[in-house]
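Data first, discussion second: the structure below is written as structure tokens.
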Amino acid sequence: MEYYNKLVLAPMVRVGTLPFRLLAAQYGADITYGEEIIDHKMVKCERRINELIGSTDFVEKGTENVVFRTCDQEKNRVVFQIGTSDAVRALTVAQLVCNDVAAIDINMGCPKSFSLSGGMGAALLSKPELIHDILTTLRRNLSTPVTCKIRLLKSPHDTVELARRIEKTGVSALAVHGRKVPDRPRDPAKWSEIADIVSALSIPVIANGDVFEYDDIQRIKSATGVIGHTPRLSLPNSCLGTSRASSVMVARGALWNASIFSPEGKVSYEVVKREYIRKCILWDNDLKSTKQTLKEMIMHYSCLEFPEGKAVIKSESLADLA
């Protein structure tokens, strides 16, 4: 897995399933994160090959509930993100999936109550010793690359210090969402504070926050000190001349129109939506997840009270969405 100069699909709950990851890759995403999956749930799963559709499924034992689905087509780009507060459980999950994914990521930025109450997500930001334990445990026992995704702390100094501690664990890259835990999506991302981290580290920093158009990719690179930045460490020839933070992660901008990753410009929302539905049918995606993603798309462009939105809400099968 190479983290320099890449376009990255962010992890998004109920959105980052196999069809959407493949959709983003089709339009130019180099790395695609799956949705966060909680370790307690994943340890109850077993690996199965789904010969009918050609996927690799991780299914909850004793049920037909698919917790994570992937395929050979994305093996070299998909990142499995774990929600965890325990190094042993995280390792158990990582060892279960590591041969089917390109990298393992630990979620250290989710501000939702379900994560915080379990000591996961952004709750880890105040526990640097636990962060060190989880990341070093994974690094020592896996050949698969290990990364993590954080949010900004109360002060730029605190964030940089935590980022330096994370770097020392040997992770391959660090993704940084340019907002603090109390911030809401409407609050502007603090790109300048991501720049502080870029300057302090020698591993790639993946910048995330307020990327809604393809032009924003270049803007966030400039604002975070990416352009013209030379890594301190010697790198492979393929990396020379690139920045340590040359990768950009996109969340809502990709949800609203996955063709944001295309340098040729966005295609119409209708085309993207139809292609997403086609992939959901092809890969037998969960209906609830599919409808949730479509509703998010529709709400950005129109209203769920319009005929299109009502049809999605009333749909009872993937075929109804076609």
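Laid out as a table, the results:
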{"item": "ILE82 being outside any helix (DSSP H, G or I) and touching a Pro at 6+ places or on another chain (Cβ under 9 Å)", "result": "no"}
{"item": "Failed item in (1) open to solvent by 60 Å² or more (accessible area, probe 1.4 Å); (2) within 24 Å of GLU35 (Cα to Cα); (3) part of a helix (DSSP H, G or I), with ASP320 passing the rest", "result": "(2)"}
{"item": "Residues satisfying the stated conditions in the stretch 48-79, i.e. outside any strand (DSSP E or B) and of a type outside the set (Asp, Glu)", "result": "LEU52, ILE53, GLY54, LYS61, GLY62, THR63, ASN65, CYS71, GLN73, LYS75, ASN76, ARG77"}
{"item": "Selection status of GLU270, acidic (Asp, Glu) and assigned to a loop (DSSP other than H, G, I, E, B)", "result": "no"}
{"item": "Restricting the stretch 5-42 to residues that are under 18 Å from VAL211 (Cα atoms) and among the hydroxyl-bearing types (Ser, Thr, Tyr), the residue that is surrounded by the fewest Cβ atoms within 10 Å (Cβ to Cβ)", "result": "TYR27"}
{"item": "Any hit, the stretch 61-69, residues being touching a residue at least 12 places away in the same chain (Cβ under 8 Å), open to solvent by 20 Å² or more (accessible area, probe 1.4 Å), out of contact with any Phe, Trp or Tyr (no Cβ under 7 Å at 6 or more places or on another chain) and over 27 Å from ARG252 (Cα atoms)", "result": "yes"}
{"item": "Residue satisfying condition, being open to solvent by 40 Å² or more (accessible area, probe 1.4 Å) and out of contact with any Ser or Thr (no Cβ under 6 Å at 6 or more places or on another chain), within set ARG77, ARG47", "result": "ARG47"}
{"item": "Spans of helices (runs of 4 or more DSSP H) in the stretch 97-184 with at least 2 residues open to solvent by less than 50 Å² (accessible area, probe 1.4 Å), in contact with a Leu (Cβ under 9 Å, 6 or more places away or on another chain) and not polar (S, T, N, Q)", "result": "128-141, 156-168"}
{"item": "Identity of the residue in the stretch 190-216, more than 12 Å from PRO156 (Cβ to Cβ) and among the hydroxyl-bearing types (Ser, Thr, Tyr), that ends up most open to solvent (accessible area, probe 1.4 Å)", "result": "TYR214"}
{"item": "Answer from GLY225, GLY309, GLY253 - the residue that is at pLDDT 95 or above, more than 23 Å from ARG69 (Cα to Cα) and in contact with a helix residue (DSSP H, G or I) (Cβ under 7 Å, 6 or more places away or on another chain)", "result": "GLY253"}
{"item": "Subset of the stretch 282-299 (residues that are surrounded by fewer than 17 Cβ atoms within 10 Å (Cβ to Cβ), touching a Leu at 6+ places or on another chain (Cβ under 8 Å) and under 28 Å from GLU213 (Cα atoms))", "result": "LYS295, GLU296"}
{"item": "Filter result (small (Gly, Ala, Ser) and part of a helix (DSSP H, G or I)) within the stretch 1-47", "result": "ALA24, ALA25"}
{"item": "Selection within the stretch 246-276 - farther than 13 Å from ALA10 by Cβ, open to solvent by less than 20 Å² (accessible area, probe 1.4 Å) and in contact with a Leu (Cβ under 8 Å, 6 or more places away or on another chain)", "result": "VAL272, TYR276"}
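Residue-by-condition table, conditions (1) more than 27 Å from LEU96 (Cβ to Cβ); (2) modelled with pLDDT of 95 or more; (3) touching a Lys or Arg at 6+ places or on another chain (Cβ under 6 Å):
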{"residue": "LYS127", "(1), (2), (3)": "no, yes, no"}
{"residue": "SER143", "(1), (2), (3)": "no, yes, no"}
{"residue": "THR147", "(1), (2), (3)": "no, yes, no"}
{"residue": "LYS154", "(1), (2), (3)": "yes, yes, no"}
{"residue": "ASP158", "(1), (2), (3)": "yes, yes, no"}
{"residue": "ARG164", "(1), (2), (3)": "yes, yes, no"}
{"residue": "VAL171", "(1), (2), (3)": "no, yes, no"}
{"residue": "ASP183", "(1), (2), (3)": "yes, no, no"}
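The values are calculated or read from the model by the stated rules, or taken from the named source; none is laboratory data. On a predicted model such as this, the values are computed, not experimentally measured, just so you know. All Cβ positions, glycine included, derive from the backbone under ideal geometry; neighbour counts span all protein chains shown. Just so you know, the surface numbers come from the protein's heavy atoms only, side chains and all, with ligands and any DNA or RNA stripped out. Shrake-Rupley method; radii C 1.70, N 1.55, O 1.52, S 1.80 Å.
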